[in-house]
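Take a look at the structure set out below.
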Amino acid sequence: MSFDLVLFGGTGDLAWRKLMPALFQAWRHGKLPIRNGGGRILAVARDERSDDEYRAYIRDKFAGVEEAKKPSDEEFARFAELLHYRRMDLSQPSHYAGLKEWIDARGADTAVLFLATAPNLFPVICAQLGAAGLNGPNVRLVLEKPLGHDLESAREINRIVGASFTEAQALRIDHYLGKAAVQNVMALRFGNALFEPLWRRDSIASIQITIAESIGVGTRGDFYDKIGALRDMVQNHALQLLTMLAMEPPSSNDADAIRDEKLKVLRSLKPFNAETVARDVVRGQYRAGAVGGQAVPGYLEEAKVPPRSNCETFVALRTEVQNWRWAGVPFYLRTGKRLAARDAHIVVTFREVPHPIFPGTHQANKLVIKLQPEDGLELHLLAAKGATSALQGHEMLSPVSLDLDFDKAFPTERVGGYERLLLDALAGRLSLFVRSDEQEQAWRWVEPILAAWSEDSAGPRPYKAGGWGPAAASALVARDGNAWSEEM
Ligand code: BG6
């Protein structure tokens, strides 16, 4: 297979911070399909540079990449042969015609056009690509979030994309779907016979999803302030994880079979209204504190953040999936910046034994799916301590966990999120990309929260940087007799 991968926004943050390192890893792992016929990576941006100048620019950027993922000089020289650069004024039809000529001249099997630009440029780029005929059957378009800021704007983007590209050509990235742990949720549930019979309300008491970040908004204050944690993390990443956990077994591994089931989950989520938002959703904003021993400023002191901003940097909420499998089981979602650690995980808490015969320790079994900083699985069980006997009336059971470390189990097979998604985009594997109806349904579900907040002058609750968010988030789960994982 041969390919052309065009990166619009080729000198931007996303391109050099995430995409180029991921492409380099894919190349290093021998996974880029370049053997027969080759591949080209074309960066497009507005300033004038030669291919060699662009290669030097990227080589400098690689200096910031973690050691194990840094190319040697010799590796970079070989990888850089794939890199090309082209200046484009994105409003100029003739520049798209030139791009089409460049692509057509070689006639690669696939052209993947990756929009890594500011989202306000998507409409013009899509329209121009369509007008230039750069939307043929061998072309795929990859779109990065944010895709809209509410249902209406997301629909508008989908309409514009849909005017030039079919649904199967438009790949919406949610990089959480590229994380290894998400593959493992699928593998665990549908590749093993053990869990699926238990994967329902009869055996599961609650599910919690935490995506905690220790970083603040950094230099993105102005951008972030218009978005907030609900749009930045919940509408997409957290809900995508929820769909993977709650969906029915798809009839096949086919992209639409999976996405149909995910859509059904989104449609089954309990809708919010003003009253339930007040009760079941907690928003917070960080204040100055310390993270990892370092003093850090509060959100309102961050660069480019308006002084009285009501933007939330933390959200915790309780919802339910209203169907036969999940009726009544609480799903708790939580995400925030400047929390105690970079830690993303899912805790599936099983019901306690119906009739305990051992005195002392009672503890529900838990399955912990770890996404970050490392991915892994822990199954928390109770086992006999051995030394004492139940008959003596002492505590006999003790918590133990089965701990699967995938880095140890598969040391040479580790693939990063963007690497996986880029390879899938090149190969036309769509199951890890979000379909427009999923994306719109996720917006539909978060909209009442946004509406309720806009009417509520109380604003977000303050929380100290370096903790786990406002106390109200703990109260939210405590109401059901539950606790967040760090409080268990
Ligand atoms: C992005 C958000 O989608 O995900 C960022 O816009 C966030 O605000 C990032 O920091 C988190 O991604 P990861 O992979 O580092 O958990």
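The values are calculated or read from the model by the stated rules, or taken from the named source; none is laboratory data. This one's a predicted model, so the numbers in the text were calculated from it and none came from an experiment. Note: ideal-geometry Cβ built from the backbone for every residue, glycine included; neighbour counts use all protein chains shown. Areas reflect the complete protein model, heavy atoms only, side chains present, ligands, DNA and RNA absent. Shrake-Rupley method; radii C 1.70, N 1.55, O 1.52, S 1.80 Å.
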Legend entry - Protein accessible area in the stretch 1-117, 1.4 Å probe - carbon and sulfur %: 45
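Taking R0 as 22 Å, what FRET efficiency do you get between Asp202 and Asp480 from their Cβ-Cβ distance, rounded to the nearest 0.05? Intermediate results must be reported in sequence, preceding the final value.
Details: r = 18 Å, r/R0 = 0.80.
Approximately 0.80, to the nearest 0.05.
With a 1.4 Å probe and all protein chains left in place, how much of the accessible area of the stretch 313-393 comes from carbon and sulfur atoms, in whole percent?
Numbers: 2050 of 3620 Å².
On the stretch 313-393, the fraction of accessible area on carbon and sulfur atoms equals 57 percent.
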Legend entry - Förster-model FRET efficiency, 60 Å R0, Asn120 and His362, C-beta, rounded to 0.05: 0.65
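Of the cross-linked pairs Lys366/Lys408; Lys31/Lys264; Lys100/Lys262; Lys70/Lys145; Lys31/Lys408; Lys100/Lys226, which ones have a Cα-Cα span greater than 31 Å in the structure shown?
Table pairs above 31 Å Cα-Cα are Lys31/Lys264; Lys100/Lys262; Lys100/Lys226.
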Legend entry - Residue-level accessible surface for Leu377, protein heavy atoms, 1.4 Å, Å²: 20
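Using a 1.4 angstrom probe, figure out how much accessible area the chain has per residue, in square angstrom, rounded to the nearest whole.
On the way: 21580 Å² over 488 residues.
Accessible area per residue: 44 Å².
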Legend entry - Amide H partners (placed H, <5 Å) of Val142, local residues excluded: Leu113, Phe114, Leu115, Leu171
Inset, instruction - Enumerate the residues in the stretch 313-342 having an amide nitrogen under 15 Å from the point lying 7 Å beyond the Cα of Arg351 toward its Cβ. - result: 324-330
Legend entry - Dipole of the stretch 208-343, positive end: most advanced residue of Gly218, Asn323, Gln294 [Cβ charges, Cα centre]: Gln294
Inset, instruction - Can you spot the aspartates and glutamates whose alpha carbon is less than 12 Å from Lys304's alpha carbon? Ignore those fewer than 8 places along the same chain. - result: Asp222, Asp225
Legend entry - Label-reachable residues, the stretch 323-347, where backbone N falls under 20 Å from a point 7 Å from Asp405's Cα toward its Cβ: 342-346
Legend entry - the chain - charge dipole about Cα centre, Lys and Arg +1 at Cβ, Asp and Glu -1, debye rounded to 20: 260
Inset, instruction - Name the residue farthest towards the positive end of the dipole of the chain from the options Leu115, Ile207, Leu242, assuming +1 on Cβ of Lys and Arg, -1 on Cβ of Asp and Glu, about the Cα centre. - result: Ile207
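When the chain is fully extended, how far beyond the present Cα-Cα distance does Arg414 get from Glu275, taking 0.36 nm per residue of separation? Mind showing how you got there, number by number?
On the way: separation 139, 0.36 × 139 = 50.04 nm, distance 4.50 nm.
Between Arg414 and Glu275, full extension yields 45.5 nm more.
Over 40 Å, how big is the tail of the calculated P(r) for the chain, in percent of all Cα pairs? Spell out each step's value before the answer.
Numbers: 30204 of 118828 pairs.
Roughly 25 percent, rounded to a whole number.
Sum -39500 (n - 2.57) across every DSSP H segment of at least 4 residues in the chain, then divide by the residue count to get the 222 nm mean residue ellipticity, nearest 500.
On the way: 15 runs with 154 residues, N = 488.
After summing the helix terms and dividing by the residues of the chain, the value is -9500 deg cm²/dmol.
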Legend entry - Computed magnitude of the charge dipole of the stretch 164-216 (debye, nearest 20; Cβ of K, R +1, Cβ of D, E -1): 100
Legend entry - Heavy atoms of Arg220: accessible area, 1.4 Å probe, square angstrom to 10: 100
Legend entry - Projected label distance in nm at Ala131 and Lys226, using a 7 Å step from Cα toward the beta-carbon: 2.4
Legend entry - Label-to-label distance, nm, for residues given as Glu156 and Gln322 (7 Å Cα→Cβ offset): 3.0
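Using a 1.4 angstrom probe on the protein heavy atoms only, could you order Lys179, Lys100, Lys226 from most to least accessible area?
Values: Lys179 35, Lys100 55, Lys226 150 Å².
In descending accessible area the options line up as Lys226, Lys100, Lys179.
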Inset, instruction - On the full set of protein chains, 1.4 Å probe, figure out the accessible area of Phe350 and give it in Å² to the nearest 10. - result: 20
Inset, instruction - About the Cα centre of the stretch 1-93, how large is the charge dipole given +1 on each Lys and Arg Cβ and -1 on each Asp and Glu Cβ? Please answer in debye to the nearest 20. - result: 340
Inset, instruction - Kindly state, to the nearest 0.05, the FRET efficiency for Ala105 paired with Asp13, given R0 = 35 Å and r defined as their beta-carbon distance. - result: 0.70
